[in-house]
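Before any comments, here is the structure.
What follows draws every value from the coordinates through simple rules; no lab data is involved. What you see is a predicted model, and the numbers here were worked out from it, not measured in a lab. Note that we place each Cβ from the backbone using ideal geometry, even for glycine, and neighbour counts take in every protein chain shown.
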Number of protein chains: 2
Amino acid sequence: MRMGELSRKTGVPVPTIKYYVREGLLPPGELSSPNQATYGEAHERRLRLIRALLDVGGMKVAEIADVLAALDDPERPLHKVLGAAADRLGSANIEHDDAEATTAQAVVADLVSRRGWRTHESNPAAIDLSKALAAMARLGHGAFVEVLDDYADAAEQVARADLTYVDRRVAVEDMVEGVVVGTVLGEAVFSALRRLAHVDASAKLYGTEGPPERKTS
Amino acid sequence: MRMGELSRKTGVPVPTIKYYVREGLLPPGELSSPNQATYGEAHERRLRLIRALLDVGGMKVAEIADVLAALDDPERPLHKVLGAAADRLGSANIEHDDAEATTAQAVVADLVSRRGWRTHESNPAAIDLSKALAAMARLGHGAFVEVLDDYADAAEQVARADLTYVDRRVAVEDMVEGVVVGTVLGEAVFSALRRLAHVDASAKLYGTEGPPERKTS
DNA sequence: ATCAACGGATAGCGGCACTATCCGCTATCC
DNA sequence: GGATAGCGGATAGTGCCGCTATCCGTTGAT
């Protein structure tokens, strides 16, 4: 298969494929002549993965390059790959060293120890979590921590489902890719489900007509 | 308060504040002279909200403008505001009219009716959901639908917690803003929690040393 | 023999979130 | 009352990002 056919099969324009190769997302084709290359099914699969991570997962090209490099490196342990995949919602690197930040960090530490989670507070996810909680506190929603355990329960359930799926369904040689897909696209799935459930819960709480009267400020 | 002080209090540079005013995110200050304006606490609060939605929620400036316009319009029913807030993860508008897309739409319709969710399949969230599922199917992870109900359970739990919090904690006049904050920042919170739980579940399944041997392709 | 398609390299584009500069005016300090 | 810092407002520019367009010499299909 040559580039034109690869493009037709995946719907990705030829110049874009070239761009992905340049950026290291897609390995170059195998050269049959000094300037003719052929692409196989692996390229097609990889290309679809790239587009899914980009379009559905909302990842950036550079992040995808990192993840795929980790994916292709058999030396790299799975959690490093996942780290590369998951440390993307960095919520910007804005340092707020105020009271809210300190409180939020304490809340996160407490949560982690209370649930016995085997993780460290230096985990980027923990940092993101405390940043999000601190931002809520600064907006006057510090009381949100009261429902944090409900959130954590749900997160555990999702994580369990995710791991179960990967463990049950995916062959060992594809496990790493399966985890990446599950983590990144699973987030999009859950986000959509949450919004659907939100509509439903709101309807049940306030009746089908929607929420009650508004008397905004 | 004048612009410089607003900038100092919130950490947002003055030209950026001007930019937000231009883009309609922040109402202009009240003019005391033809070219002097004063800003109040509402501006400060609004500015913090903008930064939270931008930095933590990952929303775009134009989306925030929509949401805030809806927020400021007392005529607009809450679900419209939320729609403006939630319809952002549009996962790009790429139309794949293939078998996977059709299957995914059927799966979503089935899920919605099975759970009795009071929503319609034209809901953007439902469309996003089927797009995400279709993308997974194209990547060979069509079996992911087997854990979809676990995801949906968790989503319902989160939605319930969210609504409970808003209903219990937030005064009626701030309800709309509370829902927006809960929806957008809550997503960041849950995402981080999911990643934490993922690490823990992985550790419990595969032992503390991490996942098993890799034998990638 | 012709001619579209190929790979490779380089330059450009459009969108986005700012950022820098300039303007004439004003509040404030001495 | 004169200097100076800051103000609000307008316009243009910056840097990054995900492509996209163009050009080149080569090659495979007809």
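Each of A:L6, A:G178, B:V145 was placed along the dipole of the protein assembly as shown (beta-carbon charges, centred on the mean Cα), and the one lying farthest toward the positive end is A:L6. For the residues of A:165-177, the average number of beta carbons from a partner chain within 10 Å of their own beta carbon is 4. Across identical copies of the chain, A:N35 has label-point separations of 6.0 nm, listed in ascending order, with the point defined 7 angstrom from Cα along Cα→Cβ.
Using θ = phi - 60° in the Karplus curve 6.51 cos²θ - 1.76 cosθ + 1.60, the 3J(HN,Hα) couplings for region B:46-60 round to 4, 5, 5, 4, 4, 5, 5, 5, 6, 7, 8, x, x, 7, 8 Hz; x is entered for Gly and Pro.
Under a 5 Å amide H cut-off, with hydrogens placed 1.01 Å from N, A:A37 pairs with A:S32 among residues at least 5 apart or on other chains.
Could you list log10 I(q)/I(0) for region B:99-206 at q = 0.19, 0.24 Å⁻¹, which the Debye formula gives when each Cα is one point scatterer? Cα-only, vacuum Debye calculation for region B:99-206: -1.14, -1.31. Over all pairs of distinct alpha carbons, what does the Kirkwood formula give as the hydrodynamic radius of region A:3-74, in Å? Final number for the Kirkwood radius of region A:3-74 is 12.5 Å. Entry note, chain A: relative contact order of 16 percent, from Cα contacts under 8 Å with a spacing of 6+ residues. Each copy carries a label point for A:D167 at 7 Å from Cα along the beta-carbon vector; from one copy to the others these points are 3.6 nm apart, nearest first. According to the calculation over all Cα-Cα pairs in chain A, the P(r) per 5 Å bin from zero is 1, 6, 11, 13, 15, 14, 12, 9, 7, 5, 4, 2, 1, 0, 0 %. Ascending distances from the B:T16 label point to its copies in the other chains, with the point 7 Å along the Cα-to-beta-carbon line: 3.2 nm. Nearest-to-axis residue in chain B, judged by Cβ distance to the rotation axis that brings B onto A and given in whole Å, is B:A154, 2.
With a 10 Å cut-off around each Cβ of B:106-113, the average count of Cβ atoms from other chains is 1. Restricting to DSSP loop positions (anything but H, G, I, E, B) with no more than 14 other Cβ atoms inside 10 Å of their own Cβ, which trypsin sites (Lys or Arg not before Pro) remain in region A:1-30? Listed in order of number, the matching sites are A:R2.
Taking only alpha carbon atoms, the protein assembly as shown gives an Rg to Rh ratio of 0.99, where Rh is the Kirkwood radius.
Which net charge results when you count Lys and Arg as +1 and Asp and Glu as -1 among the other residues whose beta-carbon is under 15 Å from that of B:A161? Every neighbour counted, the sum reads -4. Counting Cβ atoms of other protein chains within 10 Å of each Cβ in B:36-48 and taking the mean gives 1.
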